[in-house]
Amino acid sequence: WKLSAGPRQVYTFPPFILPAGSSVKVHTSRGTNTTSDLYWGRSAVWNNQGDTGVLYDATGREVTRYTY
């Protein structure tokens, strides 16, 4: 799975299992991945004026998007 903030800003999820009904937070900053928090390891990804995040599944199909 991948989370995209644009063509050059793509986070690839590490191998893990997300149980049904659970959630995981993806942090832009550096940190240590846990079962509830994943870290992208970047400093500036999102545009402060607004942006769109797109979640893709393992086949590259868009699953959802969020614009703010």
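The values are calculated or read from the model by the stated rules, or taken from the named source; none is laboratory data. The model shown is predicted, which means the values in this text are computed figures rather than measured ones. No Cβ is skipped: glycine too gets one built from the backbone with ideal geometry, and neighbour counts run over all protein chains shown. Note: areas computed on protein heavy atoms with side chains; ligands, DNA, RNA excluded. Shrake-Rupley method; radii C 1.70, N 1.55, O 1.52, S 1.80 Å.
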### Summary
From most to least accessible, 1.4 Å probe, no ligand or DNA/RNA atoms counted, S43, S23, S4, S36 line up as S43, S23, S36, S4
### Distant-in-sequence amide H partners of L38 (H built 1.01 Å from N, under 5 Å)
K25, V26, H27
### Label zone at S43 (point 7 Å along Cα-to-Cβ), backbone N below 19 Å, the stretch 13-33
27-32
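First compute the accessible area of the chain with a 1.4 Å probe, then give the percent of it belonging to carbon and sulfur atoms. Intermediate results must be reported in sequence, preceding the final value.
Numbers: 2620 of 5110 Å².
Reported share for carbon and sulfur atoms: 51 percent.
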### Query
Expressed in nm to one decimal, what extension gain is obtained for the pair D57 and S29 from 0.36 nm per residue of sequence separation less their Cα-Cα distance?
7.8 nm
### Message
Probe of 1.4 angstrom, ligands and nucleic acids ignored: what's the accessible area per residue over the chain, in square angstrom?
### Response
75
